[in-house]
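The values are calculated or read from the model by the stated rules, or taken from the named source; none is laboratory data. Everything numeric in this text was worked out from a predicted model, so none of it was measured. With ideal geometry, Cβ positions are generated from the backbone for all residues, glycine too; neighbour counts draw on all protein chains shown. Calculation scope for accessible area: heavy atoms of the full protein, side chains included, ligands and nucleic acids excluded. Shrake-Rupley method; radii C 1.70, N 1.55, O 1.52, S 1.80 Å.
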Amino acid sequence: MALYGYQRWHDLLFLHWPMPIDVLRPFVPAPLSLDTYQGVAYVGLVPFWMTGVRPVWAPERTAFRFLETNVRTYVHLDGRDPGVFFFSLEAASRIAVMVARARFGLPYYWARMRMRRDGRQIEYRSRRLAGQRPRSFVQFEPGEYLGPAAPGSLEHFLIERYLLHVRRRGRLWRGQVHHPPYPVQRARVLALRDELIGAAGLPEPGMPPPLVHYAAGLDVEIFPLTPE
């Protein structure tokens, strides 16, 4: 498969909540099935920022950067190809939103976003610039270094995902990324107010995320969509 482009992802925060399968099922298109860990399905909220974003044919000096926050769950197709299904993706770049919607059919939204670092603490803020203008704010502190997630572990199930699935023009497609395993750390949430999960039509979690992880960053190769 021909390489499409390059990115580098930084300061990724992975917040996860369990969510009933029957609640998630109507939001995931057939023939995808929800992927579960020991029978439990999860919804994730993942803010981070990107640099070096460019197609493979563009010189590095033309690459650009922006913040992103996505709301997602985990799926597979006929018991294979475990991947990510996105409910929404906020991006602080109108160009990135236009390209991702037109070229990949992904549900990107243009948002005003900010990332701030204060010592060890990091915070992300986002407000969508359309519709009900949902917001998201999280302040956290990275903690103990865990290293790459072990295959079969819950951390591996939630974090090491290399495929995305999307319905585009009435057909199911998948996209692929390549990168080294995430350098996973524990993290502690200091403050959280989120409206993005609710804006996707899902019930807003009534509790802090029981699963919180952080990764400092890695280089990523992006591949084009292919039909399922």
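Under 5 Å between amide H atoms, partner at least 5 residues away or on a different chain: which partners does ALA150 have, H built in plane at 1.01 Å?
Result for ALA150 returns HIS156.
From the convex hull of the Cα coordinates of segment 34-125, what is the mean projected area in square nanometres? Mind showing how you got there, number by number?
Numbers: hull surface 33.6 nm².
Seen from a random direction, the Cα hull of segment 34-125 projects 8.4 nm² on average.
Which whole-number percent is the relative contact order of segment 134-186 (Cα, under 8 Å, 6+ apart)? Before the final figure, lay out the partial values.
On the way: 51 pairs, mean separation 24.4, N = 53.
Here the relative contact order equals 46 percent.
Can you compute the helix-only [θ] at 222 nm over the chain? Use -39500 (n - 2.57) per DSSP H run of at least 4 residues, normalise by all residues, nearest 500 deg cm²/dmol.
On the way: 4 runs with 20 residues, N = 228.
Computed mean residue ellipticity for the chain: -1500 deg cm²/dmol.
Work out from phi, with θ = phi - 60° and the Karplus expression 6.51 cos²θ - 1.76 cosθ + 1.60, the ³J(HN,Hα) of each residue of segment 163-178, listed in order in whole Hz, and give x for Gly and Pro.
With coefficients 6.51, -1.76 and 1.60, one gets 10, 10, 10, 8, 8, 9, 6, x, 9, 8, 10, 9, x, 10, 10, 10 Hz.
Mean separation of Cα pairs under 8 Å and 6+ residues apart, divided by the residue count of segment 62-144: what relative contact order is that in percent? Walk me through the intermediate numbers first.
Details: 143 pairs, mean separation 16.7, N = 83.
After rounding, I find 20 percent.
Using +1 at the C-beta of Lys and Arg and -1 at the C-beta of Asp and Glu, which of ILE197, PRO148, TYR214 has the Cα lying farthest in the positive direction of the dipole of the chain?
ILE197
Return one quarter of the surface area of the convex hull spanned by the alpha-carbon atoms of the chain, equal to its mean projected area, in nm².
Details: hull surface 49.2 nm².
Result: a mean projected hull area of 12.3 nm².
Can you list the residues, at least 5 places off or on another chain, whose amide H is less than 5 Å from the amide H of PHE64, using H built in the peptide plane?
Here the answer is GLY52, VAL53, since their amide H atoms fall under 5 Å of that of PHE64.
Solvent-accessible area per residue for the chain at a 1.4 Å probe radius, Å²?
Working: 10960 Å² over 228 residues.
Per-residue value: 48 Å².
What are the residues whose amide H is under 5 Å from the amide H of MET19, where those residues sit 5 or more places off or on another chain and H is modelled from the backbone?
Amide H to amide H, under 5 Å and 5 or more residues apart or across chains, MET19 pairs with ALA41, TYR42, VAL43.
Please give the FRET efficiency for ARG188 paired with ARG8, using the beta carbon to beta carbon distance and R0 = 30 Å, rounded to the nearest 0.05. Numbers along the way, then the final one.
On the way: r = 25 Å, r/R0 = 0.83.
So the FRET efficiency works out to roughly 0.75.
Tally up the carbon and sulfur contribution to the accessible surface of segment 1-50 as a whole percent, 1.4 Å probe, everything protein left in place.
Numbers: 1190 of 1960 Å².
Carbon and sulfur atoms account for 61 percent of the accessible area of segment 1-50.
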